[in-house]
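Here the structure is laid out as C-alpha cells; the discussion comes afterwards.
Coordinate-derived values only; no laboratory data. These figures come from a predicted structure and were not determined experimentally. Cβ placement follows ideal geometry from the backbone for every residue including glycine, while neighbour counts extend to all protein chains displayed.
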Amino acid sequence: MQAVDLSAELIDQFWQDGVIKIPQIITLEEAASYRQATMRILEQMPVPKSGNYGRAFHQRVNVWREDEKMRKLTLHPNLTATATKIAGTQLRLWHDHILAKMPGLPVPTAFHQDLVKWPYDRRITALSAWIALQDTTVEMGCMSFLPKSHYLLEVADIATSDQDGWRRERPDIEWWPRITIPLQAGDCTFHHGMTFHTAGPNQSDQWRVAHVVIFIEAQATYNGQRHIVTDPLDLPVGASPPNDICPPV
Ligand SMILES: O=C(O)CCC(=O)C(=O)O
C-alpha cells in the first residue's frame, strides 16, 4: 500500500478552500477491482431503459454494511488515516455510497451542500472522500466545487435534482470562482460537508462510478432531522450515532 503524502500546506488548503485533491488514495489496480465489484452491485439495481430521466445518479447507501469487498474500500487504512489527518480530530464513518452516472446521462448533479441534508449541526467537522473508480474527465461528469463556500452556513437544503435551486437560494454564487477537478482512477477529492459542489452530465459511453465515503467528527450528536441512515435507529436528540452503524475510524 502506498502512503499518502499529506503536507501541512495541503491540510491548510482543505480548511481554507473546503476542498483538496489527493492523487492515488488507492492504487490503479485497487480502483479497477473495486469498480468491478461496484458494477456487479449496479447490475443488480433497477436500471431505467432510457438515459433521459430526472435523476442525477444511481445511488446505493451503506454498501460497506452489505458487501465485504466494498467494506475494505470504505475502511481502507489510507483513506481513514488521510481523513483523520485532514480533520485533526477523531472521526467516525457517517455512511458511504456508490454514486454512478449511467452512460449518456444528460443530467448534472445540481449544486448543493451536503451537511444540511444530514442530522447534525452544520458547524461540525464533516468531510467526504469522492473516489474515482475510473479515469473521470469533465466529459464523464467529474466534480466542480466553489472554494470557500463552506463558510456559507445559512443556505437552504438544495436537492441534487433541483437544477435551479442554487440560483434561487444564492444567485450570487453564479459568479463565484469554481474549480473543476478531473480525476484519474484511484484519485480522490476531499470536500467539507458545507462546500458547494456539482457534477456534470455523463457524456461518455461508460458508467461514471464513484465511491463516496463520508466522515464526521466522533463527537457529533444527532439533531432529530430525518435521514435514511438514522431514521430506523430511533435515536433521541443529542445521542451519538451507534458505533456499529457509524464506527469510529
Ligand atoms: O457524484 C456526483 O454526481 C455528486 C457527488 C456528491 O454530491 C457528493 O459526493 O457529495
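Extent along the principal axes, Cα only, for the range 50-120: 42, 29, 20 Å, with the longest axis given first. Between the C-alpha center of the range 131-156 and that of the range 177-249 there is a gap of 12 Å. Listed values for the range 66-73 are Karplus-derived 3J(HN,Hα) couplings in whole Hz (6.51 cos²θ - 1.76 cosθ + 1.60, θ = phi - 60°), namely 10, 9, 4, 5, 5, 4, 5, 6, and x replaces Gly and Pro. Here's the list of lysines a cross-link from Lys148 could span, going by alpha-carbon distance under 29 Å and ignoring same-chain residues fewer than 8 apart: Lys21, Lys85, Lys101, Lys117. When the inverse distances between all different Cα atoms of the range 203-248 are averaged and flipped, the Kirkwood radius reads 12.9 angstrom. Choose one of Pro241, Ser128, Pro201: the residue whose Cα lies farthest towards the positive end of the charge dipole of the chain (beta-carbon charges +1 Lys, Arg; -1 Asp, Glu; about the Cα centre). After comparing all options, I get Pro201. Phi-derived couplings, Karplus 6.51 cos²θ - 1.76 cosθ + 1.60 at θ = phi - 60°, listed residue by residue for the range 141-152: x, 6, 8, 10, 9, 9, x, 6, 6, 5, 7, 7 Hz, with x used for Gly and Pro. Shown here: the range 14-166, whose C-alpha atoms stretch 40, 38, 28 Å along the first, second and third principal axes, sorted largest to smallest. This model, with +1 at the C-beta of Lys and Arg and -1 at the C-beta of Asp and Glu, gives the chain a dipole about its Cα centre of some 300 debye. Close amide-amide hydrogen proximity is noted between Asp162 and Ala110, each under 5 Å apart and 5 or more residues distant or on a separate chain (H modeled in the peptide plane; Pro and chain starts excluded). Neighbour counting of Cβ atoms within 10 Å sorts the residues Phe14, Phe215, fewest neighbours leading, into Phe14, Phe215. Averaging 1/r across all pairs of distinct Cα atoms in the range 164-249 and inverting the result yields a Kirkwood radius of 16.8 Å. A cut-off of 5 Å between modelled amide H atoms, ignoring neighbours fewer than 5 places along the same chain, links Met140 with Gln203.
The ranking of Leu152, Leu146 by Cβ neighbour count inside 10 Å, starting from the fewest, reads Leu152, Leu146. Amide H to amide H, with H built 1.01 Å from N, Ile131 comes under 5 Å of His211, Val212, Val213, counting only residues 5 or more places away or on other chains.
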